[in-house]
Each structure stands twice: as C-alpha cells, then as structure tokens.
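A.B. asks: Take a look at the following structure, please.
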Amino acid sequence: MFDLSSKVAFVTGGSRGIGRAIVEALAEQGAHVVFTYATQVAEAEAVCAGVRERGGVAEAMQLDVRDVAMSEARVTETAKRLGRLDVLVANAGIARDGLWVQMKDEALDETLAVNVRGSLGCARAALRPMMKARKGRIIFVSSVVGEMGNAGQTAYAASKAALLGATKSLAREYAKRNVTVNAVTPGFVDTDMTRELPQPVKDAMLGAVPLGRTATAREIATPVVFLASDEASYVTGAVLRVNGGMLT
C-alpha cells in the first residue's frame, strides 16, 4: 500500500518541519524526491543524507519560490531530466503575523508571493508533464487558519485560503487528464515556527485542540503520502483536515 516506487516527486520547502517530514515519508515509499530550500544549506544536506542512509533517493536544490519564472523552470527541468513528474507537493510557506491595521504592504506582498504565487507557479509547470502523461498528483499544504481564520494572521489566512480555492478549481480543470489536485490543512504542529510562539499563544492554541496536543510533522506527512499514492486515485478537489479536531 502507498507504493511510490519509480515515482518522481517535487516538494517545495523540504529542508525542515512539515516539508522535511514529507520528503522523508515520500522517499520511504520509494519515490525519487527532489526538494527545494531557501537558505538552509546544512539542513537540506542533512535531509538528503538521512534519506540515503535509509535507502531512499532525495536531491536538494536552492530556490526562492517568489521567483515564479525560476520556480517553473526548476520544476520543468526536473521532469525533463528524470523523464517524468508524478507528484508535486507545494509546501513552502511563510507567516508574517500582526494586526492588520499595522501590517506593511511589503509583508502582505511577501506572504502572497511565497504562499500563493510560488505554489501556483510550481503547479502550472507540473501540470504540463502530468497532462502529457495523463496522470499526476498535486497537493497544496494549506492550513486550518485558511479555513477558520485567526486574529493577527489575516495575511497568512488569506494566502492559505487562496490555495483552497485553487485546489477546487484546478481539480475541475484537470480531472479529465487524470490529474488530481488536493489540499491538506494542518492544525497546530510541533515545528520550529510554532516553537518560537510565546507560551500564552501556544497554551491558547492547545486549548482549542480537542486531542489536547500538537501534531508531529510526520502526522501531516502521512496523509500527503496517501494523496500522492494510487490508493487516492478517486480523491480530487478535497481538503483533508489534519487538525486534531480544531475544525470539523
């Protein structure tokens, strides 16, 4: 089950956190994983080394997904070099939090550039080889905040909600080519980003989780592997909530 042998997967933002767990989980199921990182060279090299130690295949490439033309070129080059592209996981994202009336335009622009334009640019490039092969999987990593909102995260929530609209539209556009498009919406996950939150904020977030704990990054990666697999061939346009009950 969930055998991804001979598959090629492209993952953005794969050097740490949820992205790293996704890279590792896909590789464990046999996929040849190419992932991007922004600046974390040592972390990216560690991911590749860890995957190799477990018998998998992973490659790292530096990429600023805000450069949409370069992002599309990297996806296209990967598909051409490896002869196929089966899975795209658009995971790279940033959060620029703060009260909306105090937020600078630059922070909003950066959030949208990474979370929306970067993800959609990679998807556009991935769709070309997938349409030709008449098979493919596109998975957007959104957030529970994109569904329910959160005070102080207007820009982030807007960007993650945009991915949900894109998921549903692209699913309809490319279903006839057997390309599925889905999203996962993680809740409160134990990552470097969430560890930096003030303790009162973390306490409040945990209080909203019926399961009473944070998720591990691996608990987000496993549903992604399912959506990337042949077992999910009849799932498209779906938003898979992985939030411990925060939103049902």
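A.B. asks: Please work out which residue is surrounded by the fewest Cβ atoms within 10 Å (Cβ to Cβ), limiting yourself to the range 45-67 and to residues that are aliphatic (A, V, I, L, M) and over 18 Å from the mean Cα position of the chain (by Cα).
C.D. replies: Here the residue is Ala49.
A.B. asks: Could we say that Thr12 is among the polar types (S, T, N, Q), in contact (Cβ under 8 Å) with a residue 60 or more places away in the chain and open to solvent by less than 10 Å² (accessible area, probe 1.4 Å) here?
C.D. replies: Answer is yes for this residue.
A.B. asks: Has the range 21-38 got any residue that is open to solvent by 60 Å² or more (accessible area, probe 1.4 Å), under 17 Å from the mean Cα position of the chain (by Cα) and farther than 25 Å from Thr167 by Cα?
C.D. replies: No.
A.B. asks: Could you list all residues from the range 209-245 that are closer than 17 Å to Val184 by Cβ, in a helix (DSSP H, G or I) and open to solvent by 60 Å² or more (accessible area, probe 1.4 Å)?
C.D. replies: Arg218, Glu219, Thr222, Phe226, Glu231
A.B. asks: Could you grab me the full set of residues in the range 142-201 that are closer than 20 Å to Ala107 by Cα and hydrophobic (A, V, I, L, M, F, W, C)?
C.D. replies: Across the range 142-201, the qualifying residues are Val145, Ala151, Ala155, Ala157, Ala158, Ala161, Ala162, Leu163, Met193, Leu197.
A.B. asks: Determine which member of the set Ala58, Ala79 is under 29 Å from Asp3 (Cβ atoms), in contact with a Cys (Cβ under 6 Å, 6 or more places away or on another chain) and touching a residue at least 12 places away in the same chain (Cβ under 8 Å).
C.D. replies: Ala58
A.B. asks: Okay, next question. Could you please let me know if Arg96 is touching a Phe, Trp or Tyr at 6+ places or on another chain (Cβ under 8 Å), basic (Lys, Arg) and either closer than 24 Å to Pro223 by Cβ or open to solvent by 30 Å² or more (accessible area, probe 1.4 Å) (or both)? It would help to see each step written out before you state the result.
C.D. replies: Numbers: touching a Phe, Trp or Tyr at 6+ places or on another chain (Cβ under 8 Å): yes; basic (Lys, Arg): yes; either closer than 24 Å to Pro223 by Cβ or open to solvent by 30 Å² or more (accessible area, probe 1.4 Å) (or both): yes.
Considered against the rule, which asks whether it is touching a Phe, Trp or Tyr at 6+ places or on another chain (Cβ under 8 Å), basic (Lys, Arg) and either closer than 24 Å to Pro223 by Cβ or open to solvent by 30 Å² or more (accessible area, probe 1.4 Å) (or both), Arg96 comes out as yes.
A.B. asks: Out of the residues in the range 99-120 meeting the condition of being outside any helix (DSSP H, G or I) and of a type in the set (A, V, I, L, M, F, W, C), tell me which one is least open to solvent (accessible area, probe 1.4 Å).
C.D. replies: That would be Met103.
The values are calculated or read from the model by the stated rules, or taken from the named source; none is laboratory data. These figures come from a predicted structure and were not determined experimentally. Cβ coordinates were reconstructed from backbone atoms using ideal geometry, including for glycine residues, and neighbour counts include every protein chain displayed. Side chains included, ligands, DNA and RNA excluded: accessible areas come from the protein's heavy atoms. Shrake-Rupley method; radii C 1.70, N 1.55, O 1.52, S 1.80 Å.
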